[in-house]
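Worksheet: one structure, shown below.
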Amino acid sequence: YDPIKAEQEKYDPLRDEYSKVRNPSGIYAGFVTAFGQANTTEDDGNSGLFSKYGFEAGYILKRDDWSRFQLGGEFAFGNAKFRLGGNTPLKSTLTLTLSVLAKAGFGHSLGGGLFGMFTFGAGPFMATYEGKDTVEVESKETLTGIAVDLGYQLAVPMGETFEFTGGIGFTHLETDVGEVNVKTPGGGTDDLSKPIILNIPQVTLGLRVRL
């Protein structure tokens, strides 16, 4: 046991200053967006484009100089385009009017202030549905469903205040379409009774402020 060495290890000004600048704890808030491919789980369905944009906020907790935890929430809007299969081959659009995800992550230093972050999120969403083929229909009521999100992103510091984020992700959406309004001549309503399950690989981008 070396008491002098032990005392030096308790406080290292250079190390502590590096930790403060490169991996500080604190609140963050920012803008997020994602672009990907909406894949229906139906064998004879077709994929289409997916886009999402919204806001995020939370807290980053420094675990040590080289790792961090992240807890927060995401409020987003967007739409997914795809074609249903089976006896309802409709060209479809699922519009997310609001998605609320609780998110958590664990990050590790990649050097130079750059962090890699594994993230997980889950929560409810509200949406509307439109389908077109020989007829045109829309959901009679707001749909509700569950979203699960997995991702890996890079956090790139831009000074002490801003942080750019970018990465890849995977979102799973599940909801059910029940009664729909028929918009073509004749009108009326119909019971579509169709589950919608989408798997969405995507690219994510964001800009956040560290407070």
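The values are calculated or read from the model by the stated rules, or taken from the named source; none is laboratory data. Not measured: the values here are computed from a predicted model. Glycine also receives a Cβ, built like all others from the backbone with ideal geometry; neighbour counts cover every protein chain displayed. Heads up: the accessible areas ignore ligands, DNA and RNA and are worked out on the full protein's heavy atoms, side chains in. Shrake-Rupley method; radii C 1.70, N 1.55, O 1.52, S 1.80 Å.
Structural remarks
- Residue selection: Ala38 satisfies the criterion of being assigned to a strand (DSSP E or B), of a type outside the set (Asp, Glu), open to solvent by less than 20 Å² (accessible area, probe 1.4 Å) and at pLDDT 90 or above.
- For the range 173-184, filtered to residues that are open to solvent by 20 Å² or more (accessible area, probe 1.4 Å) and under 25 Å from Gly36 (Cβ atoms), the residue that is modelled with the highest pLDDT is Glu174.
- Those residues of the range 44-60 which are part of a loop (DSSP other than H, G, I, E, B) and surrounded by fewer than 17 Cβ atoms within 10 Å (Cβ to Cβ), in sequence order: Asp44
- Subset tally (residues that are in contact with a Gly (Cβ under 9 Å, 6 or more places away or on another chain) and hydroxyl-bearing (Ser, Thr, Tyr)) for the range 120-175: 5
- Here Gly123 meets the list (1) within 22 Å of the chain's Cα centre (by Cα); (2) more than 24 Å from Ala80 (Cβ to Cβ) almost entirely, failing just condition (2).
- Checking the range 22-32 against the condition returns a match, with at least one residue being at pLDDT below 85, open to solvent by 20 Å² or more (accessible area, probe 1.4 Å) and outside any loop (DSSP other than H, G, I, E, B).
- Considering only residues in the range 185-200 that are open to solvent by less than 80 Å² (accessible area, probe 1.4 Å) and assigned to a loop (DSSP other than H, G, I, E, B), the one that is modelled with the highest pLDDT turns out to be Gly188.
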